[in-house]
1. Kindly provide the set of residues from segment 41-52 that are touching a residue at least 12 places away in the same chain (Cβ under 8 Å) and either of a type outside the set (Ser, Thr, Tyr) or exposed (fewer than 12 other Cβ atoms within 10 Å of the Cβ) (or both), ordered by number.
2. Are there any pairs with C-beta distances below 8 angstrom linking a residue in segment 118-129 that is in a loop (DSSP other than H, G, I, E, B) to a residue that is within 15 Å of the ligand (Cβ to nearest atom) and of a type in the set (A, V, I, L, M, F, W, C), with the two at least 6 apart or on different chains, and if so which?
3. Please enumerate the residues belonging to segment 41-55 that are assigned to a strand (DSSP E or B) and under 23 Å from Ala110 (Cβ atoms).
4. Considering only residues that are polar (S, T, N, Q) and in a helix (DSSP H, G or I), look in segment 1-40 and name the one that is surrounded by the most Cβ atoms within 10 Å (Cβ to Cβ).
5. Please state which of the following conditions Ala70 fails to meet, knowing it meets all the rest: (1) touching a helix residue (DSSP H, G or I) at 6+ places or on another chain (Cβ under 9 Å); (2) farther than 30 Å from Ala14 by Cβ.
6. Go through segment 62-90 and give me each residue that's over 16 Å from Ala5 (Cβ atoms), within 15 Å of the ligand (Cβ to nearest atom) and either among the aliphatic types (A, V, I, L, M) or not in a loop (DSSP other than H, G, I, E, B) (or both).
7. If a residue has to be more than 6 Å from the ligand (Cβ to nearest atom) and either assigned to a loop (DSSP other than H, G, I, E, B) or more than 20 Å from Phe130 (Cα to Cα) (or both) to count, how many in segment 104-114 make the cut?
8. When you scan segment 140-153, do you find a residue that is within 23 Å of Gly57 (Cα to Cα), modelled with pLDDT of 95 or more and assigned to a helix (DSSP H, G or I), even just one?
Amino acid sequence: MYQYAHPNPGDHAAIEALLDLAFGHDRHKKTSYRFREGVDPLPSLNLVARQDGRLVGTIAYWPVAIGEAAVPALLLGPVAVEPALRGLGIGVTLIRRTLAKARREGHRIAVLVGDADYYTRFQFKSAEGFGIAMPGQPDRLMAKALTAGALEGVSGDIHAWRKNGRREMAA
Ligand SMILES: CC(C)(COP(=O)(O)OP(=O)(O)OC[C@H]1O[C@@H](n2cnc3c(N)ncnc32)[C@H](O)[C@@H]1OP(=O)(O)O)[C@@H](O)C(=O)NCCC(=O)NCCS
């Protein structure tokens, strides 16, 4: 009924429009966007859902680092589904497929800013319990180990990822 695939370059405008619809035109002011500025999303984890060729869902992941040790992690999102098609399983499918792929690719930790009521079904837990924080984001931060024990001993602030491997504070 729905088709899931990597986005094409021509999908960019439709993805941006869907994200504006879901999060508002001022979404770039959200704290989580500070960790995405100047960093490319991970292409292999970009996924879109289509219905009859029309883009109806999107998910992307950005690399981030956690704590003084700059432990690599994935920042899940944004994820959005067309309003008229919510509650039909598209969001769960986008998230489950990409988390499984992330695990296969060797990623060990995922974090996100979102509603606990939704993300506990994917075994995300409050990041506070791990001592993981996102500067500027006092609540709704969640974390999940993609491989057993991946979050053990991992704590500290989330930092934006930089291509040279160094971490920097997202100011
Ligand atoms: C959140 C979102 C991506 C979920 O996609 P979806 O296709 O509607 O979700 P699914 O159909 O896969 O799952 C539906 C289930 O999630 C629940 N759900 C959806 N949004 C929820 C939320 N914000 N909090 C709690 N539960 C939520 C539904 O009640 C439903 O529960 P059920 O399975 O017990 O009936 C979609 O609703 C959306 O685009 N929302 C606006 C953008 C957003 O908030 N994105 C997430 C933050 S990054």
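1. So in segment 41-52, the residues touching a residue at least 12 places away in the same chain (Cβ under 8 Å) come out as 41-51.
Residues satisfying the conditions are Pro41, Leu42, Pro43, Leu45, Asn46, Leu47, Val48, Ala49, Arg50, Gln51.
2. Phe124/Ala110; Phe124/Leu112; Phe124/Ala116; Phe124/Met142; Phe124/Ala143
3. The answer is Leu47, Val48, Ala49.
4. Step one: list which residues in segment 1-40 are polar (S, T, N, Q), which gives 3, 8, 31-32.
Those left that are additionally in a helix (DSSP H, G or I): 31-32.
Working: Thr31: 16, Ser32: 25.
Filtering first and then ranking leaves Ser32.
5. Single failed check for Ala70: (1).
6. Trp62, Val64, Leu74, Leu75, Leu76, Gly77, Pro78, Ala80, Pro83, Ala84, Leu85, Leu88
7. 5
8. Within segment 140-153, none of the residues are within 23 Å of Gly57 (Cα to Cα), modelled with pLDDT of 95 or more and assigned to a helix (DSSP H, G or I).
The values are calculated or read from the model by the stated rules, or taken from the named source; none is laboratory data. Fair warning: this is a prediction, and the values are worked out from it, not measured in the lab. Glycine gets a Cβ as well: all are built from the backbone with ideal geometry, and neighbour counts include every protein chain shown.
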